[in-house]
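Following: one structure in structure tokens, then a few remarks.
Just so it is clear, none of the values below were taken in a lab; they were calculated from the coordinates. Here the structure is a predicted model, which is why all the values come from computation and not from measurement. Note that we place each Cβ from the backbone using ideal geometry, even for glycine, and neighbour counts take in every protein chain shown.
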Ligand code: GDP
């Protein structure tokens with residue numbers, strides 16, 4: 001009888017166990033790897049973690065513990081938590097190596113249910129948390145699903161102004177003699193694609209630009225070198241009408257580019273939305289607002305454009321493209337201004353306000369049906385300590401930290417504008433956000449952070465009730 005009772009209990013427990021898929025994204029270097037490493041670390045230390053007062057499940061003592069469990073999706077690479085912690089615990093501490101593809105890690109969170117049938121039926125329950133990391137650049141590809149090759153080529157040629165125009169020169173020169181009607185020359189297409197990809201990399205690295213398409217070209221993951229990543233927009237189309245190009249025969253250069261573009265849309269872009277995106281429950285989008293403030297107005301405006309683009313993926317009103325593809329599940333999105341420890345604490349409210357302004361337009365005009373959104377500023381892994389310095393007889397806020405090459409520094413990195421910066425701002429303000437090395441920690445301590453608990457509360461609080 002007792003045994004049957006136990007079995008029944010187990011069965012009830014299993015059927016009541018819950019599951020949440022938390023997606024973490026952001027453009028490259030936004031801080032995804034640091035965020036996931038810290039999130040896992042905070043949760044693994046949950047029973048003794050004094051650093052999570054804003055996370056109610058920990059503050060009120062009903063989150064009992066967390067452990068890592070094998071992930072269920074065996075085809076998705078594992079997130080390198082151990083490698084990340086090894087880097088952070090090394091002497092001197094180093095930042096974890098970023099991941100470049102989708103990756104995943106699973107935790108089982110044991111908690112005491114607080115409400116509803118769970119509370120009546122069980123003393124303890126388990127919430128399985130899958131954390132999925134993917135590059136934000138992949139979300140920039142969503143509009144491709146509604147653009148054919150010709151429309152995409154036209155749109156790309158309009159972008160080739162200013163810095164982009166300069167960076168595109170080499171690739172554009174290669175297009176001068178390219179004949180779309182000639183028999184498909186795979187080697188030539190490969191060479192021009194390589195120059196186009198090089199241009200996209202340069203936009204990010206030299207131009208400080210974020211809005212690059214197709215997103216997989218700069219973060220190819222396992223597709224590096226595959227023909228599906230060997231095409232380019234035909235930006236020199238003015239001499240042909242669309243009707244002429246449509247008549248290019250099926251063995252022409254034009255047909256090859258077009259079919260690769262279609263394959264990319266159909267299998268890579270749609271594939272990501274179907275296999276991954278459609279299964280997410282919660283989403284955090286990390287934004288490094290400080291890097292474009294350092295880099296200047298072109299980079300800043302480009303980041304806004306990239307964010308607008310990124311938000312399209314959460315705009316699933318009834319007739320939206322995503323809703324036509326599948327039923328999206330994400331019901332909460334958190335925008336996080338990452339690396340808040342790069343600025344002094346009194347600047348943090350400005351950082352949140354700036355991020356809100358950056359996404360406000362899209363937020364206001366879009367129909368984000370059934371999705372809650374919020375903004376926060378945080379530091380996943382705190383690398384500086386706030387303090388004060390005496391300046392002209394006054395105590396001024398400052399930060400202390402060790403630079404990446406080990407120099408100890410005390411500095412005031414600059415003021416974060418509350419609103420979107422205008423001309424005067426760009427002329428008058430200099431920013432100098434230095435990259436610091438992570439603080440030294442002991443292996444049995446949780447990682448130091450700023451407001452990770454606030455993010456945890458928003459993303460998981462209600463799931464642990
Ligand atoms: P990813 O490309 O989005 O995965 O970005 P990473 O997590 O690798 O972060 C890129 C870099 O940003 C790191 O190497 C650090 O230099 C810096 N970084 C990330 N998170 C933090 C943070 O919380 N504080 C500070 N000071 N730097 C951070």
Study note, to complete from the structure: Proxy exposure order for 76, 376, 434 (fewest C-beta within 10 Å first) is 434, 76, 376
Review point. If one takes the longest principal axis of the Cα atoms in the chain, at what angle in degrees, from 0 to 90 and to the nearest 10, does the Cα axis of helix 186-205 lie?
Key: 50 degrees
Exercise for review: Over the stretch 146-273, calculate the relative contact order: mean separation of alpha carbon pairs under 8 Å at least 6 apart, over the residue count, as a percent.
Suggested key: 37 percent
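I need the shape label for the stretch 375-434. Rule: rounded when a/c is under 1.5, else prolate if a/b > b/c, else oblate, with a, b, c from the alpha carbon gyration tensor.
Cα axes put the stretch 375-434 in the oblate bin.
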Practice item. Once you have all Cα-Cα distances for the stretch 146-273, histogram them in 10 Å bins from zero and send the whole-percent values. Key: 12, 46, 36, 6
Point to revise | Within the chain, helix-based [θ] at 222 nm, where runs of 4 or more DSSP H residues each add -39,500 (n - 2.57), nearest 500 | key: -10500 deg cm²/dmol
Practice item. Restricting to the chain, compute how many DSSP beta bridges are antiparallel as a %, nearest 5. Key: 55 percent
**Study point:** Relative contact order computed over the chain (Cα-Cα under 8 Å; 6+ residues apart), in percent
**Key:** 19 percent
Exercise for review: Rank the residues 303, 373, 74 as a footprinting-exposure proxy: fewest other Cβ atoms within 10 Å of their Cβ go first.
Suggested key: 74, 373, 303
Practice item. Output the relative contact order of the stretch 323-465, whole-number percent, from Cα pairs under 8 angstrom with separation of 6+ residues. Key: 30 percent
Exercise for review: Order by neighbour count: 202, 279, fewest other Cβ atoms within 10 Å first, most last.
Suggested key: 279, 202
Review point. Taking the Cα atoms only, what angle lies between the long axis of helix 32-44 and the longest principal axis of the chain, rounded to 10 degrees?
Key: 20 degrees
Review point. Is the chain best put as rounded, prolate or oblate by its Cα gyration tensor, with a ≥ b ≥ c the root eigenvalues, rounded for a/c under 1.5, and otherwise prolate when a/b is larger than b/c, oblate when not?
Key: oblate
Check your understanding: Does anyone have the angle between helix 149-158 and the longest principal axis of the chain? Alpha-carbon axes, 0 to 90°, nearest 10?
Key -> 90 degrees
